[in-house]
Structure formats: structure tokens, C-alpha cells
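A quick write-up on the structure given underneath.
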């Protein structure tokens, strides 16, 4: 059913709240707008002998009334690759809680292909039509073919979740799957992993001299202004690598700007003057604002840090590989990659602090979980201690 009015949404929420589980998916228009807008929320839940599917038009009905259903008080939620969905729903006033992610389960089960279509085909024998995967979901009205596509994205999530959960129980890895789902949701709802401004995230920006990075900053600001005015994603105005080349070359004439491939192509064709103004402003600035200069002053790692990092990464990889083989599970079940990186940082910090409370630090690793801590805590502490002992001898004076 298509839900376009708040009253109809309230009735769907009332029905879905009685379900044993709720499949959730969302669509937005991030490929077609400067700021992505939540366009639809799809829900599926078992009701009687069948499955009810609701497509909520988020451009016509407020999504916030879904909050009790999608929050901790509602039934368990099932999504596929929940990160984007969780962020969009939270921004709309309906944050997720108690969610399971079929992409996480598939990865923990060692599946080579973890996309929804591949999993539904492999586990359920159903072929999903993904022709509208790059569709502009901000367009209205929604056609019948679009509604069928939206419904299909949630219709098979609950049986897929059940099948993957069955495989997880057979391997005895339910706790690890649940822990990783919780970690992924917490990460999605937390602050961004890379808080740097957009210009500082462009590959190659770190190598620019002060004036060059000031120019790049102004160019990116000019691109943002153009993207906002056109209501398009910034990358559809001009690519970041093109702006980097402009910052490196610093052209002073329109013809020189046009000589940079992509700088005056397509939508950027009318922005040559804007690029020249940005370059001139960057020259006048001389450098980026003082509070952003630290982003370009990352200290070089010491010989000890390099040695500890390499030793730790080697030890973790070997230990994880051996343990996974012994248990006949995927390596991510033994230790997710993000936990391995945190272990490396603990080894480095422990060395700087003269040892420190390694066990306590390991216990606080996000996403490690009580089961892994009980099973592997001592082994992980031994890995850290061994890596900390890898400091090279001091250089002769």
C-alpha cells in the first residue's frame, strides 16, 4: 500500500507494532540533489498468513510518527546495509534501534557476494530487478513499476534474515553477528568518521603548499555554492581532482582554466570566472584558516611506532587467520577489522604510557563484545604486549 497521509501512517504503525519483526528500507535522492532528502520508507511485516508491505511517501507524510515503531520499543528491525538508512531516518526524526543487518550476517558467514540481490538469489532463489537502483526517488507521482521495485526491496528481507540466522546458529556465531550489527548501527548514528572539511579530504590536498591549499579551499567553497544553487550534488558540478589540479596550476586567465581537463566542461562551463575568483581569493588568503592548519601538520611516525604497528598487524593477521581456520568461521567473526585497528592503537598508546592498563583498554574496544572478550581477551593482551616489545634499539649517538 502507498501511504501518503499521516492518518494512514498511524494505522500502519498500529498494525506493524504487533508484528514479530519489521523489514525496513529507505530511498533518497542523494544522486540528484545538493542535500539528500528522504523520499520513501518501505516497511514489511508478517500479518496473519501473509506479509503486509507499506511504502511511505516521505515527501508527503511526516516520518517522525514512525519513531515508536523503529525505536527500542518496537519489534526487531531487519535492514540490508543499514548505515545510510539509519542516518536518513534519524535526520527525519525516527532513529533506529534494535536492528539486524543482513549484509553483516552475510559477511560474517563468509559470503563472497553480500549485495541484497545476490543474497536473495542465493538463499531464496528469487531474482530481484535492480534497474531502478540509481533512480531519482524525488520524482512524483510514483509509478506502479516504481512501487513494485520499492516493495520488492523489503518483501524478501524477513525470510532472508531467517535463513542467514539459521546459518549463523549452525556455526554458533549469533552473538558475533548481533554485536557487529549493534556496532554498525552505533557508528551510523555517531559523529562522522572523517570530520575534516571537504577540501581537506580531496586526495592530494595534503601535499599542497600553504597557498595551494588555501586556493583549493576557496575552489571547493565555490563549487559548494554552485551546487547548492543548482540543487545538485557537488560532484556533478566538477570533480575534486579537477579542483586539485587548478590549485596546483593556479591559472590566472580563462584560457588557462579551460586548459585544465574538466574545469570548464558540462555544468562547470559557466563557472570559469568563479574558479578565477576563488584562485585569487586563495592567493590573498595565503593559507587556510589557522584552526584548520593542524590538518596538514600530521607528525611523521617514529621508527618505534612503525615497528610496533607492523608487528601488531602481522601478529593479528596470523593469529586471526589461525583461529578462524581452527573454528571454521570467517576471520571477521574472530575479530572484525575495526577491532584489529583499535588493538594497534592500544599497542602504540601502551608503549607511550610505559605499558598501561592493556586489558582495560581492550575491554573498551567498541564492537568487541562480551563473548569475544571472554574468549580472546587474554590472547589479545598477549598480542599487544608482544608488539610493544618490538621497539627497535635506539640509534647510536
Practice prompt. Looking for whichever is over 16 Å from residue 211 (Cβ atoms), at pLDDT 95 or above and crowded, with 18+ Cβ neighbours inside 10 Å here; the options are 282, 262, 240. Which one fits?
Written response: 240
Worksheet entry | Failed criterion for residue 129 (all others in (1) crowded, with 19+ Cβ neighbours inside 10 Å; (2) at pLDDT below 95 hold) | (1)
Worksheet, complete the sentence: Note: among 287, 291, just one is in the same structural domain as residue 208 (by TED's automatic domain parsing), closer than 28 Å to residue 193 by Cα and in contact (Cβ under 8 Å) with a residue 40 or more places away in the chain, namely 287
Worksheet entry | Test for residue 305: is it surrounded by fewer than 18 Cβ atoms within 10 Å (Cβ to Cβ), in contact with a helix residue (DSSP H, G or I) (Cβ under 7 Å, 6 or more places away or on another chain) and either modelled with pLDDT under 90 or within 19 Å of residue 377 (Cβ to Cβ) (or both) | yes
Fill in: residue 377 at pLDDT below 95 and either touching a strand residue (DSSP E or B) at 6+ places or on another chain (Cβ under 8 Å) or part of a helix (DSSP H, G or I) (or both)
no
Worksheet entry | Odd one out for residue 356, checked against (1) surrounded by fewer than 18 Cβ atoms within 10 Å (Cβ to Cβ); (2) at pLDDT 85 or above | (2)
Practice prompt. Can you tell me which residue among 311, 294 is at pLDDT below 95 and buried (at least 16 other Cβ atoms within 10 Å of the Cβ)?
Written response: 311
Worksheet item: Here are 82, 96, 147: which of them is over 20 Å from the mean Cα position of the chain (by Cα), modelled with pLDDT of 95 or more and at negative phi?
Response: 147
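The values are calculated or read from the model by the stated rules, or taken from the named source; none is laboratory data. Predicted model only: the values in this text are computed from it and were never measured. Virtual Cβ from ideal backbone geometry, glycine too; neighbours counted across all protein chains shown.
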